[in-house]
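Structure, as structure tokens:
The values are calculated or read from the model by the stated rules, or taken from the named source; none is laboratory data. As the structure is a computational prediction, the values presented were derived from the model and not from experiment. Virtual Cβ from ideal backbone geometry, glycine too; neighbours counted across all protein chains shown. Side chains are part of the model used for accessible areas, which takes the heavy atoms of the whole protein and leaves out ligands, DNA and RNA. Shrake-Rupley method; radii C 1.70, N 1.55, O 1.52, S 1.80 Å.
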Amino acid sequence: MDTEVKLSDCPEIKELLQVLDQQSLYKEKNDVISLVQCIEHMEKTLSAMNDELKVMHCEVGKLYDNTMKAKCNKLMEKSGEKLRQTKYLIDTFKNNLIVSAKQALINYKEKGKEILVLALNSMKIPFALDVLKKGIYKVSDHMQINAVKTDSIREELHEAGFHLKNVGRAIFGKATKEKEQLKADKGILAKIRSFFERSENTLLEMAKEVDSLSVKLRSSYEKQLSVKEDLKQIKSANPLKSKSSLSKEIAR
């Protein structure tokens with residue numbers, strides 16, 4: 001599956017939503033829609049973060065101090081790696097959802113409506129969302145650490161500026177030029193620090209969104225498990241109960 005294709009445009013997802021609507025499984029349909037919207041929002045957000053990271057790479061290239069530049073480049077490279085890890089988590093979740101939707105449709109066509117509901121629950125989406133949430137929180141922590149490291153770099157630059165104030169008047173021209181460069185570098189470091197802080201907050205909001213959806217879907221999932229157990233008991237107590245009656249129990 002091409003991970004750049006929007007999930008809402010995926011044939012399996014479109015067909016699943018259509019079938020759920022036809023079978024009056026509106027709760028399940030809305031759950032799938034919420035899941036699709038959450039994934040697409042994360043993809044859009046992550047794409048914007050990567051675009052901003054490219055801009056920050058350009059800003060780092062403008063630093064005059066080579067030592068500071070090397071340190072900032074290292075921070076940017078690690079941040080890029082963490083964002084790629086996040087994309088991998090989202091892409092994996094997305095692809096697994098598509099495969100599961102396809103299997104749910106196959107089960108439905110072979111065995112009917114009640115199996116479709118059980119197939120959706122067997123996907124264990126809330127648990128997968130929890131794994132995704134934990135991964136995003138870790139990347140958010142990484143951005144926070146990078147912000148702190150940027151503060152340390154800025155402090156080093158501040159110390160360099162303090163030392164420069166004591167430079168003798170004999171090299172006044174050179175000192176003035178270096179002061180201007182220090183001022184420019186401080187401005188760039190402030191931008192970099194702000195980027196890490198925004199990234200941390202953005203990822204925190206993303207993780208909270210995933211957590212909220214996980215809680216919502218888990219409630220539905222656990223309710224369906226309870227219904228499944230009740231049906232087992234009903235069937236065990238009355239083995240002659242018709243399949244259509246069981247279907248009515250599921251649909252409630």
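Values for this structure:
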item	result
Asp31 vs. criteria assigned to a helix (DSSP H, G or I), at pLDDT below 95 and of a type in the set (Asp, Glu)	yes
Residue selected from segment 1-31 under the condition more than 19 Å from the chain's Cα centre (by Cα) and among the hydrophobic types (A, V, I, L, M, F, W, C), by the criterion most open to solvent (accessible area, probe 1.4 Å)	Leu17
Matching residues in segment 81-90 - criterion: being buried (at least 16 other Cβ atoms within 10 Å of the Cβ) and farther than 13 Å from Leu35 by Cα	Lys82, Leu83, Thr86, Lys87, Leu89
Filter result for Thr67 (open to solvent by less than 50 Å² (accessible area, probe 1.4 Å), of a type in the set (Ser, Thr, Tyr), modelled with pLDDT under 95 and farther than 22 Å from Asn121 by Cα)	no
Hits in segment 58-74 - residues which are of a type in the set (Ser, Thr, Tyr) and not in a helix (DSSP H, G or I)	Tyr64
Single unsatisfied condition, Glu77 versus (1) under 20 Å from Ile145 (Cβ atoms); (2) loosely packed, with under 15 Cβ neighbours inside 10 Å; (3) touching a residue at least 12 places away in the same chain (Cβ under 8 Å)	(3)
Yes/no for Ser34 being touching a residue at least 60 places away in the same chain (Cβ under 8 Å) and more than 23 Å from the chain's Cα centre (by Cα)	no
Flag for Asp151 being open to solvent by less than 40 Å² (accessible area, probe 1.4 Å) and either out of contact with any Phe, Trp or Tyr (no Cβ under 7 Å at 6 or more places or on another chain) or outside any helix (DSSP H, G or I) (or both)	no
Flag for Val55 being over 19 Å from Ser214 (Cα atoms), among the β-branched types (Val, Ile, Thr) and open to solvent by 50 Å² or more (accessible area, probe 1.4 Å)	yes
